Amino acid sequence: MEDIGEKLKTFRLANRMTLKQLGSKAGCTDAYLSQLERGRANPSVMILKKIASALQMKVVDFFLENETEENEVVLKEKERVNINFKQGDAKIQMLVRNIRDKRMQPFYTTIEPRGGSKGPYAHIGEEFGIVLQGQLEIKLHGKSYRLKKNESFYFSSQEPHSWTNPGKKKTVVIWVVSPPTF
């Protein structure tokens, strides 16, 4: 599998953008983008979301392999697409093979203690989730919401939001974004 840096460069060049142009649109420096492309830096969820948005794509595009058969209804655990960030504090797995022409994007998310989004971000749509294990803290509208096992959340993704695992054990969340934007 190509790493994020190689894919970033491929997508940037396909969009005929310089590092400086992409940096300006994504809100980061061209030097930082260059480090990402060369595999010398690891982006947070927030930064990768901003870069994907600037490239008019989805975060998941950085992690997808070649197209698979879309006709199958069942997705086995071993077939999930992993969206892993090198800092290793959140493991996000897609629960559907492909999001093309879908109206929602479900994830199985495991967050290590003190792991999270590394800052607020916003995008179109709505988010829903349920905590299966551990604790989840969501910050929205300047307020913190702390959820425990079997508690759920629902909010507009257009509001800047962030999330973390404030506990000492792993947190597991089923997370759904609509429309698919990740």
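No lab work stands behind these numbers, since they all come straight from the coordinates. The model shown is predicted, which means the values in this text are computed figures rather than measured ones. All Cβ positions, glycine included, derive from the backbone under ideal geometry; neighbour counts span all protein chains shown.
Table for the structure above
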{"read-out": "Equivalent ellipsoid semi-axes, the chain, via Cα gyration tensor eigenvalues times 5, rooted, Å", "value": "26, 20, 15"}
{"read-out": "Protection-proxy order for peptides 31-40, 148-157, each taking the mean of Cβ atoms within 10 Å per residue, highest first", "value": "31-40, 148-157"}
{"read-out": "Student exercise, segment 77-178 dipole from Lys, Arg, Asp, Glu Cβ charges, in Debye to nearest 20", "value": "320 debye"}
{"read-out": "Karplus 3J(HN,Hα) series, Hz, for segment 176-182 with 6.51 cos²θ - 1.76 cosθ + 1.60 (x for Gly, Pro)", "value": "10, 10, 9, x, x, 9, 7"}
{"read-out": "Global size of segment 126-182 as Cα Rg and Dmax, reported in angstrom", "value": "11.0, 32"}
{"read-out": "Ordering of 42-55, 129-142 by packing [mean C-beta count within 10 Å, highest first]", "value": "42-55, 129-142"}
{"read-out": "Cα centroid separation - segment 88-109 against segment 1-39, whole Å", "value": "23 Å"}
{"read-out": "Proxy reagent accessibility, fewest Cβ within 10 Å first, across L8, L13", "value": "L13, L8"}
{"read-out": "The chain - mean residue ellipticity at 222 nm from DSSP helices (-39,500 (n - 2.57) per run, n ≥ 4, rounded to 500)", "value": "-6000 deg cm²/dmol"}
{"read-out": "For K149, residues with placed amide H under 5 Å, excluding near neighbours", "value": "G134"}
{"read-out": "Formal net charge of residues neighbouring Y154 (Cβ-Cβ distance under 9 Å; K, R +1; D, E -1)", "value": "-2"}
{"read-out": "Nonlocal amide H pairs with V176, under 5 Å, H built at 1.01 Å", "value": "F107, F128, G129"}
{"read-out": "Relative contact order %, the chain, counting alpha carbon pairs below 8 Å whose residues are six or more apart", "value": "20 percent"}
{"read-out": "Full-stretch length increase - D30, K78 - with 0.36 nm per residue and alpha-carbon distance subtracted", "value": "13.6 nm"}
{"read-out": "Paramagnetic reach from F155 in segment 165-182 [backbone N under 14 Å; point 7 Å along Cα→Cβ]", "value": "165-166, 176"}
{"read-out": "Segment 158-167 - phi-based ³J(HN,Hα) in whole Hz, Karplus 6.51/-1.76/1.60, Gly and Pro as x", "value": "6, 7, x, 9, 9, 8, 8, 9, x, x"}
{"read-out": "Long pairs among K9/K76; K76/K102; K9/K149; K49/K148; K25/K149; K78/K148, criterion Cα-Cα beyond 29 Å", "value": "K9/K76; K9/K149; K25/K149"}
{"read-out": "Summed residue charge, Cβ within 11 Å of Q93's Cβ, Lys/Arg positive, Asp/Glu negative", "value": "+1"}
